[in-house]
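This report refers to the structure that appears directly beneath it.
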Amino acid sequence: MAPAQLLQFPARGTFRGYPNDAGRGKSDTQSMRPRERDDRLRRIVAEHLDLVARVLRNAGVSESQLDDEVQRTLMTVARRLDDVREGAEKSFLVQTALRVAAHARRTVARRREVNADEVGADGLLVVEHAQGGHLSRSPEALTDQKRMREKLDAVLEAMEDDLREIFVLYEFEEMSMIEIAGVLGIPQGTVASRLRRARATFRERVADMGLVAPSKAPKLVGS
Amino acid sequence: MTEPKRLIDTTEDPNELALLQAGRGAFATAELRANVLSQLGLAPSASSANIVRFPARTRRIALAALVVSTLAAAVPLAYYSLAHKAAIPTATDARESKPVPVVTEARPVSVEESKTPEATPVIAKREAVEPRRVAATAVSNKPVASDYLALELKALDSVRKKMHSGDPKGALTALDAYQRDFSKPHLALEAEVLRIFALDQSGQKDVAKRRAQSFIAKYPKGVLSTRVRRYLAQ
């Protein structure tokens, strides 16, 4: 896509749809009756709630904050529903979720007191210690799924934000590069190059963690 | 532009695969779904935000089928209650002078029961022809197979009585005995709801709340779930 076609990130209160969409993203139901509006919102929740939760979680929202941020995302979408074109709900939800997640991460980063013992030499948060780690649970007490989730959090945390967003949308949500380019307002070529870098980072971090296969006890991380 | 295949489809590293799978897990619980709908001012239908709206005709057919199946289950149970009169050892608190309620199906709906504020098993009561003595939960005897359902019902009645008389710890003990005595209970869900309320009344509110949330997550629909949700909302 030529640089001239690069769209800026949509301003608050508007959503322009995909980059090659000539029209503004005004909803065809601009004067929706309340019942139609409710039905549309209900459909959005039924079809996309898992997507919103997953994107938020993988974009860096913690387990404890997830419910609140999901609700915040859906409330934002509800307020701007008239600006969302019919059929473009998914993209708008993803866009909003990423913005909400970025804000949540910044808020947590400002509040977090980093314990020096927890940070490894490469800046990665140490996921577990051999005994009584910062998770305050022994590795044996965690199921494989939870353990993998926490390790995934650490790997994604190590990615730059712009790489992480693309990695999450491509690898977990299986969005196409065209869709991702539309959601983030960037050229497809940029999506492709960031995805390559994100994958390289992912593989490096997984190798660095020295993980063992699932159902076996993990090794000490960060040493 | 040709798009690369997803990493999850191409990686041969089990660790990468495990992490990628972890990132694809669904996160929205039924409770979250209901909360979101509530925040948006969209009243959840009936007892769950996930419930599907069926046409009125379908609902009437389903209701008629429920009534027929309830009556069909009641006939053999009534036969058993008349035909089997084997004496079973009883403990003091098991003696009954009033008719024994007979359950008509594993999880029937009773409008009367659902309106009462106290936690009671949701059963459809029918008057028995004559009062019967049944095994008490305080005595850990394995129940006779033919009286299994009636004995379960009796056991949970005992639990309910203890709770009504202000003895939630006694109710919990009785529930433990129920769990020991009935390895494959028909009324497991009713027992779990009773346990939640007993835990709450005995002061173990955190445990009760956790069990209630777990119950809702496993069984989002149904009358029992409605009662548990009402408890959580208080």
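Some points to look at:
- Cross-linked pairs B:LYS154/B:LYS221; A:LYS146/B:LYS221; A:LYS90/B:LYS218; B:LYS162/B:LYS221; A:LYS146/B:LYS205: no Cα-Cα separation exceeds 31 Å.
- Ascending count of other beta-carbon atoms within 10 Å, so fewest first, for B:SER202, A:SER64, A:SER193: A:SER64, A:SER193, B:SER202
- Computed FRET value (nearest 0.05) for A:ARG35 with B:ARG59, which takes r as the C-beta separation and R₀ as 22 Å: 0.55
- Separation between Cα centres of the stretch B:146-221 and the stretch A:166-209, rounded to whole Å: 50
- Ascending count of other beta-carbon atoms within 10 Å, so fewest first, for A:LYS146, A:LYS90, B:LYS218: B:LYS218, A:LYS146, A:LYS90
- Full extension of the chain segment joining B:ALA233 with B:HIS186 gains 14.2 nm, where the gain is 0.36 nm per residue of separation less the Cα-Cα distance.
- Inter-site label distance for B:SER214 and B:GLU12 at 7 Å from Cα along Cβ, in nm: 4.2
- For residues of B:11-17, the mean tally of beta carbons on other chains within 10 Å: 5
- Applying the Karplus relation 6.51 cos²θ - 1.76 cosθ + 1.60 with θ = phi - 60° to the stretch B:171-183 yields 3J(HN,Hα) values of 5, 5, 4, 5, 5, 4, 5, 4, 5, 5, 7, 10, 6 Hz, where x marks Gly and Pro.
- Exposure proxy order (Cβ contacts within 10 Å, fewest to most) of B:ASP200, A:ASP50: A:ASP50, B:ASP200
No lab work stands behind these numbers, since they all come straight from the coordinates. The structure presented is a predicted model; accordingly, all values stated were derived computationally and were not measured. Methodologically, a virtual Cβ is constructed for each residue, glycine included, from the backbone with ideal geometry; neighbour enumeration extends over all protein chains shown.
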